[in-house]
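Here the structure is laid out as structure tokens; the discussion comes afterwards.
The values are calculated or read from the model by the stated rules, or taken from the named source; none is laboratory data. Just so it is clear, the model here is predicted, and its values are computed rather than measured. Here the Cβ positions follow ideal geometry from the backbone for every residue, glycine too, while neighbour counts run over all protein chains shown. All accessible areas refer to the heavy atoms of the entire protein, side chains included, with ligands and DNA or RNA removed. Shrake-Rupley method; radii C 1.70, N 1.55, O 1.52, S 1.80 Å.
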Amino acid sequence: MSNYQIRRAAVLGAGTMGSRLAAHLANAGIPSILLDISPKQLNEEEQRKGLPLESPEVRNRIVRDGWKAALSSKPAALFAPNLASMVTTGNFDDNLPLLEQADWIIEAVTERLDIKRRLLEQVERHRRPGAIVSSNTSGIPIHSIAEGFPEDFRRNFLGTHFFNPPRYLKLLEIIPTPDTDPALVDFMTRFGEDRLGKGAVLCKDTPNFIANRIGIYGVCLALHLMLEMGLNAEEVDALTGPVLGRPKSATFRTIDVVGLDTLALVARHLESALPEDRDRGAFALPPFVAAMIEKGRLGEKAGQGFYKRVKGGGGSEILFLDLATMDYRPLGRPQLKVVDKAARAKDWPQKLRVLTSGSAIESVFLWRLLSSTISYAAARVPEISDDILSVDRAMKWGFAHQLGPFETWDALGVAKTAERLRSEGRAVPGIVEDLLSTGRKSFYKTRAGRSYCFAPEKKTHVREEERPGWLVLPSPKDRKKLILGNKSASLLDIGEGVACLAFHTKMNTIDAGIIEMAHSATLEVENNWEGMVVANQGENFSAGANLVMVLGAAKEGRWEELDGVIRTFQEANMRLRYCSRPVVVAPHGLTLGGGCEIALHGDRVVAAAELYIGLVEVGVGLIPAAGGCKELVLRAADAAGSDSDMALMPRIQKIFEMVGLAKVSTSALEAKNIGLLRPSDPLLMNGDHRLAAARDQVLSLARAGYVPGPRRTEIPVLGRPGLATLKLGLHMMHRSGFISEYDKVVGTHLSNVLTGGAFLGVTRVSEQYLLDLEREAFLALCGQEKTRERMEHLLVHGKPLRN
């Protein structure tokens, strides 16, 4: 049992990383002290105010500016603005004694060994014995930072390398020294995963650890290959973004975000720190990078890098740097056939094979880039890590790659890729030869629902270690776990008598198949199971209802069919709500429209902290019609606690503003604040823990003798007086130019539903009455040309139309 605990923390350095680390600690409920240096001279504003250099306002200027930048950053560093109060700011000269209060001190200052050691010498005078100290360095050897310090310091010191922004990038690299207490390594791994929501990876103390070692190699190689093959930055980004399973920022937009000066610094460090690495030449950046840095083209922080945004008469325009002329020119929107072909592939193995096959220059570029990067990663085991799983997780969690290097080997085919390398006269990494020599064909395999990965030292596959709190959703192809299924959704056995309803449409959008499965799943669970979880894999819980189906039916006037679909969706949610067994919904990521309505009908919601939930239908000229309005009105009535319009009206106004403005939460905490989650709904910092936690909630409810409440037939609604108030608000918003004339039309339909229609005053109605109002309003709006225009525009252009 570890004696370590973290109740308070201190962050040293209020730069981009340090200030955002303090913010993420606040997200995790950990108060912290954020410190930085004091200025050595006054700025112009301080001189005008007549402030002395010793003034607290001056001495805290650097930390204050850093914290202010974190609070205004986009995307937001904090789950909710009120969490800012958990961070106390100060400076190294005046406030280092506060470190006595800290259980964990995180150093995040400039990447220079002498500066870090000098600061930590001061820290050692104030830290409490046994307090944890860690460095967030991205590449300085951890043992060299700790060298020469007292034993208690060295036993409690390690590297904790977060990736920026720490709220959003999952990776936490844990780097112990030979002197680090093994119990501390275990504690920080668990703490990072459970409390901070990270994916923790144990790294060896080698230059730039795992993710940056491989990731920077891939970025530098892309620069060299681009020049060699005559491609430009825009074309390379089209090839190395989502089509390759990587972020939209791809290669060069990512460099602009990181900064060319930062890339050059890390690349030079790797080139000099790796004299034995035969591939170190890749880290020698092409001369144009130095030329860009000299001209101040550092990326986003300088307003220009590989890309530049300029304003013109028609709005802003993005230009990209033509390296042949070193001038900026408009984006050309390259049409790359291999990208279009890969987009039609059914899975990642097929997609990657399409991308890297053939003689087209784009395919040759991708083959050279991918094959070299995965070969480099394979050749680095066991130098940077003893296991392939850590390497793959580091690249997926740190660089947001869909597949890690060894998963990419499997997707391309290990034997075929090795043979192609040999045919080109290129080396095949030893770990690949070892795998193939055993007769095995892949680095990963699944057997009896268990995952196994190749262990280099044993030259065989070993079962992946089960991580506490993790429960992986079974594949619908696993016949032993599949209870029911169709092409859109499955009911799966997740153990201990609990079933899970999971969607598998594109972006988990809700279609007729999912609605049908929800009905069937509820009946099956009522008869044979302890309860049900509704949870999905992939990046998002659900992007909402299938808009293509709705638009098609509306255009063709298939009103009875559309009415039937909406009615069936309403009934499915009501069956979830009043199932005789407990139903727990576990949303994450985007949970929009119909996905949000499903969550609203769960007995409980176990949400990932990164939850972007909202009823967004007004954006396409519609209103929520699968019980979302009904559920919010019901909750408002319960919160009001009486039929008093004085108690009910402000709550309905809050709902009207939220739904009418299509507000989407920026976190699960904000979802609680705006009423889309209940105060009692648990939030999980680590989204990977959702499924296990939701199953536990189901079992807890079942063991407590769960009985669903009766259907509600006495819900107070405001009637005409409330409707008049909401319509007045719409009128004022229209007059001020905040909404369009048609927004006012949509808002009027929404107002009618939320206030219960044409009653003369507060009246009690049933859930079914409100559902009927929702459905009628939805159908009426589908009949409007402007609503159909909005739906079509979103489907074609991916953004809402304000007509």
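Given the criterion more than 24 Å from the chain's Cα centre (by Cα), open to solvent by less than 40 Å² (accessible area, probe 1.4 Å) and farther than 30 Å from Gly722 by Cβ, identify the matching residue among Ala692, Ala702.
Ala702
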Scan the stretch 150-161 and give yes if some residue there is farther than 26 Å from Val258 by Cα and crowded, with 22+ Cβ neighbours inside 10 Å, otherwise no. yes
Members of the stretch 530-574 found to be open to solvent by less than 40 Å² (accessible area, probe 1.4 Å), farther than 20 Å from Thr591 by Cα, in contact (Cβ under 8 Å) with a residue 24 or more places away in the chain and not in a helix (DSSP H, G or I), listed by number: Gly531
Leu648: passes all of (1) open to solvent by 30 Å² or more (accessible area, probe 1.4 Å); (2) more than 20 Å from Ala489 (Cβ to Cβ); (3) touching a residue at least 60 places away in the same chain (Cβ under 8 Å) but (1)
Between Gly627, Gly594, which is within 28 Å of the chain's Cα centre (by Cα), over 24 Å from Arg802 (Cα atoms), open to solvent by less than 10 Å² (accessible area, probe 1.4 Å) and modelled with pLDDT of 95 or more? Gly627
Can you tell me which of Glu524, Glu433, Glu516, Glu424 is over 31 Å from the mean Cα position of the chain (by Cα) and within 30 Å of Phe569 (Cα to Cα)? Glu524
Within the stretch 487-526, restricting to residues that are out of contact with any Gly (no Cβ under 8 Å at 6 or more places or on another chain), of a type in the set (D, E, K, R) and in a loop (DSSP other than H, G, I, E, B), the one that is least open to solvent (accessible area, probe 1.4 Å) is Asp511
In the stretch 8-31, how many are outside any helix (DSSP H, G or I) and either within 13 Å of Leu83 (Cα to Cα) or among the aliphatic types (A, V, I, L, M) (or both)? 9
Part of a helix (DSSP H, G or I), closer than 22 Å to Ala377 by Cα and at pLDDT below 95: is that true of Val266 in this structure? yes
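Answer with yes or no whether Arg127 is of a type in the set (Lys, Arg), open to solvent by less than 40 Å² (accessible area, probe 1.4 Å), farther than 20 Å from Arg195 by Cβ and modelled with pLDDT of 95 or more.
yes
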Identity of the residue in the stretch 710-724, open to solvent by 40 Å² or more (accessible area, probe 1.4 Å) and in contact (Cβ under 8 Å) with a residue 60 or more places away in the chain, that ends up nearest to Pro474 (Cα to Cα): Arg711
Phe759 fails exactly one of (1) in contact with a helix residue (DSSP H, G or I) (Cβ under 7 Å, 6 or more places away or on another chain); (2) modelled with pLDDT of 95 or more; (3) over 16 Å from Glu617 (Cβ atoms); (4) of a type outside the set (Val, Ile, Thr), namely (2)
Of the residues in the stretch 395-440, how many are hydrophobic (A, V, I, L, M, F, W, C) and closer than 30 Å to Thr160 by Cα? 8
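Each row is one residue, and each column tells you yes or no for (1) open to solvent by 20 Å² or more (accessible area, probe 1.4 Å); (2) closer than 30 Å to Asp205 by Cα; (3) free of Cβ contacts under 8 Å to residues at least 24 places away in the same chain.
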| position | (1), (2), (3) |
| --- | --- |
| His224 | yes, yes, no |
| Thr251 | no, yes, no |
| Thr254 | yes, yes, no |
| Val257 | yes, yes, no |
| Asp277 | no, yes, yes |
| Pro287 | yes, no, yes |
Find all pairs meeting these conditions: Cβ atoms under 8 angstrom apart; at least six residues apart or on different chains; first residue within the stretch 15-43 and free of Cβ contacts under 8 Å to residues at least 40 places away in the same chain; second residue buried (at least 20 other Cβ atoms within 10 Å of the Cβ) and charged (D, E, K, R). Pro39/Arg59; Pro39/Arg61; Asn43/Arg61
Could you please give the count of residues in the stretch 104-135 that are in a loop (DSSP other than H, G, I, E, B) and either at positive phi or in contact with a Phe, Trp or Tyr (Cβ under 6 Å, 6 or more places away or on another chain) (or both)? 1
Does at least one position in the stretch 754-774 carry a residue that is open to solvent by less than 20 Å² (accessible area, probe 1.4 Å), within 18 Å of Val717 (Cα to Cα) and in contact with an Asp or Glu (Cβ under 7 Å, 6 or more places away or on another chain)? no
The correct count of residues that are of a type outside the set (Phe, Trp, Tyr) and open to solvent by 10 Å² or more (accessible area, probe 1.4 Å) in the stretch 610-624 is 6
Matching entry among Val201, Val236 (being assigned to a helix (DSSP H, G or I) and either within 20 Å of Val339 (Cα to Cα) or within 24 Å of the chain's Cα centre (by Cα) (or both)): Val236
Leading residue by the ranking (farthest from Arg253 (Cα to Cα)) among those in the stretch 177-202 that are buried (at least 19 other Cβ atoms within 10 Å of the Cβ) and either touching a His at 6+ places or on another chain (Cβ under 8 Å) or among the basic types (Lys, Arg) (or both): Leu196
Please work out which one of (1) open to solvent by 70 Å² or more (accessible area, probe 1.4 Å); (2) basic (Lys, Arg); (3) under 32 Å from the mean Cα position of the chain (by Cα); (4) more than 21 Å from Val534 (Cβ to Cβ) is the condition Arg467 fails and give its number. (1)
Take Glu228 and decide whether it is under 30 Å from Ala324 (Cα atoms), open to solvent by 30 Å² or more (accessible area, probe 1.4 Å) and among the acidic types (Asp, Glu). yes
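Table: residues versus (1) at pLDDT 90 or above; (2) touching a helix residue (DSSP H, G or I) at 6+ places or on another chain (Cβ under 9 Å); (3) within 30 Å of Leu412 (Cβ to Cβ); (4) outside any helix (DSSP H, G or I).
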residue	(1), (2), (3), (4)
Lys311	no, no, no, yes
Ser316	no, no, no, yes
Leu321	yes, yes, no, yes
Ala324	no, no, no, yes
Tyr328	yes, no, no, yes
Pro334	no, yes, yes, yes
Lys346	no, no, yes, yes
Lys351	yes, yes, yes, no
Val354	yes, yes, yes, no
